[in-house]
Each structure stands twice: as C-alpha cells, then as structure tokens.
Amino acid sequence: MKKLCKALALTLCTIMLLSTLTVVGDPGGKTLLTLEEAKAQALKDDTQYKLQESYIQQKLEDYNDLADDYTGYSKGSSVAEKAENRINSQISLDSAYNSVELEVFNKNDIKRKSDYDVTTAYYNVMKAKYSLENAKRTMDLAKKDLDIAKIKLEHGLITKSALTQVENAYKSSQTEYNKAVSDLQNDMATLSKNIGGKLDISNVEIDMTIYMPNVAALDLNKIKDYNIKNNSKFFSLKNALDTAKYKSYLTDDSYDSYKEDKVKLSEKIEDEFAAMKYEAKRDYDDAQYQFDEAVKELDISLKSQYSGIITMIETIENLKKSVENTKTTLAQNSIKYNLGLISKNEFENSESALKDMENQLATSIVNLSSQYLALTQYNYTPAK
C-alpha cells in the first residue's frame, strides 16, 4: 500500500503541475496558452490552409484560359445541336468560375474547421481538468476515511468487514483518479495534435476562464442564412441549383431567339429543342427539390440544437441554486466545526461537496459553450 501511495503521489505531482499558472517566460514555470493563441497557432501550421491560395490561383488561371478561348460560336449538324453545344460551352465556362469560388470557399472552410476542432479540444481539456481535480479530492478524502477506519478498527469501534468497505472505496477512488489522469493526458495530446503537434503538455497550462455564451442574442434565421452561405453541403447544392437554372434559361432563350428571328424550324429540330428544354427543366426541378429538402432538414436540426441549449441553460440555473445552497450548508458546518459539533473530516467533506458542485457548474457551462459553438460555427463573413 505504501509503494502504491508513493507512486500515486509522484504521478500527482507531475499531473497537477498542469494547474500551475505562472508568467509566460518564467524558466521554472509554465506557459499559459489561451484559446485564441491555440487557434492562431493551428492555422499558422496548417499546410493545407497555406497551400490553398495556390489552388485558388490555379483555378483562376484555368478560368481565364477558358474565357480567352470562348468565342460564342459552336459547330453542329443542326440548329438545335449548335445551340446545345453553345449552351454547354457557356455552362463549362460558368463551371470553371464556380471552381474558383469553390477553392476560395475551401480556404474559408479550412479555417472554420480548424477553429472548431481546436476549440472543441480546448474545451475537452478544461472538462478533463475539472474531472481530475474532483477525482483527486475524492481520493484524498477516501484516504483520510481509510486512515480513520483503521484507527477505529484498532479500538474495536468497527468490524473488519466495515474496514474492507472503506478500503474498497479508496481503491475505487484511485481507479477513478488514474482514469482522470489518463483522460487529461489524452485530451492534451489531442489539443497538441490539432495545433501542429508542438504542445509540450508538461510545460503548458491552458486558460481556465469560462464565459456564459450570449444565448439570448441567438437568431435562428440568421444562423440558417450563415449555414446556407458557408456550409459545404449547401455550397454544393446551391451551385448545382444555379447551374441548372442557368442552363434552363439558356435553353429557353436559344429557342426563343430562333423563334423571334422567324427561323422556320423543322419538326425534327422542334423535337430536339423540346427534348433539350425538358431535360433542362427536369434537372432544374430536381436541383431545386434537393436544395429545398436540405433547407427543411437544416430547420429541424437548428431548432433541435437550440432546444438542447435552452435545456442546458435551465440545468445551469438549477446548478447555480445548488451551489448557493451548498455554500449555505458549508457556512453552517463551519460554525458547527468551530463549536466542536462535527469532526474536521465532516467539515472537509462539506468543503469538497461545494468544490464538486462548483466544478459541475463550470463543466456544464463549458458543455453549453460547446453546444453553442456547434450551432454557430458557420456564423462568419467569408474572406474574399
């Protein structure tokens, strides 16, 4: 048991250094990493993000080359075939421009995803630290309970069976503590990976400051608009819809132009135009349907996420009340302890209960921030 306690103590000394906050640059201390610094570092080391500008330029050159070669004339064995080839050439030019926009979109989306992943990892570290703090406190109290139980057994105040129960409780607390240590190490490693793998978890402390997100300012209609503009799923669907609409317009316009010029079309050519117009309208209707269905799914998803956030707000408000009630209980137990009415161990249990409740509240706020982030991750103005 002594060897186990010594090993745990050494582990504790190593891990709990993560909660030591010192000035950046202190040779004997820790470096404080804020969330904004973590996001900036991740983007700085993101090779894909740095290369994206070259992809944009390449697609722009391809578009310019295609535009330079475009004449507006097309070959074909019939009026309808010429019109179809001309329309396809125009659509190809439009698609080339869309390819430029896609690469610009990808650059913005890389930043969005990087910020999202880093923030999520950062929040997970915060929650892991709260869990570790609770687990350590529980283990320390369980150790004190065990020491007291051993003394009671020596004086015949409890049975051997009762001591075994206390020993099992202590062992269980050790298991939970070791798991909390492992979880924190894993979450720190994930954060390190997300910011380029350069985070020395033994020499870095994260900022544990937490804020309540401004849920009251949420506007689902604006969030919906941002999703449609900045979500890759909607970007693809909108491009497909715009292209189909443009092709349908060009097809109708070509047919109408021949009619306006009073060009007499044979029955065969009329049928060819009819087939072109039907296919263009069909593709447009299908693209519109796909887009509309995705919007309906988005509405359901946003409302569900928002409802979950409101539920979490209610939970947090209840936890705040519980914290205040626990503070009252602690104050009363402090008086009792000073009057000798309760033992030091009972008073320390009250202190621990308050710290547990405060950490539960803090963890809930971090969880709320994670849900808020998931809901609003597309709320940004894209860089051009």
Quiz item: Rounded to the nearest 0.05, what FRET efficiency do Asn203 and Lys259 have when you use their Cβ-Cβ distance and R0 = 45 Å?
Solution: 0.05
Quiz prompt | Listed residues Leu373, Tyr258, Ala353: farthest to the positive end of the dipole of segment 210-384 (Cβ charges) | solution = Ala353
Exercise. Could you pull out every one of the lysines with an alpha carbon less than 30 Å from that of Lys82, ignoring same-chain neighbours closer than 8 positions?
Key: Lys59, Lys238, Lys245, Lys247, Lys259, Lys262, Lys264, Lys268, Lys277, Lys281
Quiz item: Roughly speaking, what is the stretch gain from Thr315 to Tyr116, that is 0.36 nm per residue apart minus the C-alpha to C-alpha distance, in nm to one decimal?
Solution: 69.2 nm
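Suppose the chain between Leu153 and Tyr289 were pulled fully straight at 0.36 nm per residue; how much longer would it get relative to their current alpha carbon spacing?
Values: separation 136, 0.36 × 136 = 48.96 nm, distance 7.61 nm.
Using 0.36 nm per residue and subtracting the Cα-Cα distance, I get 41.3 nm.
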Exercise. Express the relative contact order of segment 210-384 as a whole percentage, based on alpha carbon pairs under 8 Å and six or more residues apart in sequence.
Key: 38 percent
Quiz item: For Ser232 and Tyr211 in the same chain, what is the full-extension length gain: residue separation times 0.36 nm, less their Cα-Cα distance, in nm?
Solution: 4.6 nm
Exercise. Over the Cα atoms of segment 210-384, compute the convex hull volume and normalise it per residue, giving Å³.
Key: 130 Å³
Quiz item: Which FRET efficiency value, to the nearest 0.05, is calculated for Arg282 and Glu348 with the Förster distance at 51 angstrom and r the Cβ-Cβ distance?
Solution: 0.10
Self-check item: Computed magnitude of the charge dipole of segment 47-198 (debye, nearest 20; Cβ of K, R +1, Cβ of D, E -1)
Solution: 1200 debye
Exercise. Report, in whole Å, the centroid distance computed from the Cα atoms of segment 118-149 and segment 227-254.
Key: 53 Å
Quiz item: How far, in degrees from 0 to 90, does helix 160-194 lean away from the longest principal axis of the Cα atoms of the chain, to the nearest 10?
Solution: 30 degrees
Quiz item: Over the chain, what is the mean sequence separation of C-alpha contacts under 8 Å (at least six apart), divided by residue count, expressed as relative contact order in percent?
Solution: 23 percent
Practice problem: Towards the positive end of the charge dipole of the chain, with charges on Cβ (+1 Lys, Arg; -1 Asp, Glu), say which of Thr119, Met188, Ala162 has the farthest Cα. | Solution: Ala162
Quiz item: Relative to the longest principal axis of the chain, what angle (0 to 90°, nearest 10) does the C-alpha long axis of helix 267-338 take?
Solution: 10 degrees
Quiz item: Which entry in (i) 57; (ii) 64; (iii) 46 matches percent of Cα pairs over 29 Å apart derived from the coordinates of this structure?
Solution: (ii)
Exercise. Specify the angular offset, from 0 to 90 degrees and rounded to the nearest 10, of the alpha carbon long axis of helix 2-15 from the longest principal axis of the alpha carbons in the chain.
Key: 40 degrees
Self-check item: Distance in nm between pseudo-label sites at Glu81 and Glu324 (7 Å out along the Cβ direction from Cα)
Solution: 8.3 nm
Exercise. Run the quick spin-label model on Ala169 and Ser301: label points 7 Å from Cα toward the beta carbon, then report their separation in nm to one decimal.
Key: 4.7 nm
Practice problem: Compare Ser192, Ser95, Ser343 in a GNM of the chain, Cα atoms joined below 10 Å, and give the one with the largest fluctuation. | Solution: Ser343
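Laboratory data are not the source of any read-out in this text; all were calculated from the coordinates shown. Quick caveat: nothing in here was measured; it's all calculated off a predicted structure. Using ideal geometry, Cβ is built from the backbone for each residue, glycine included, and neighbour counts are taken over all protein chains shown.
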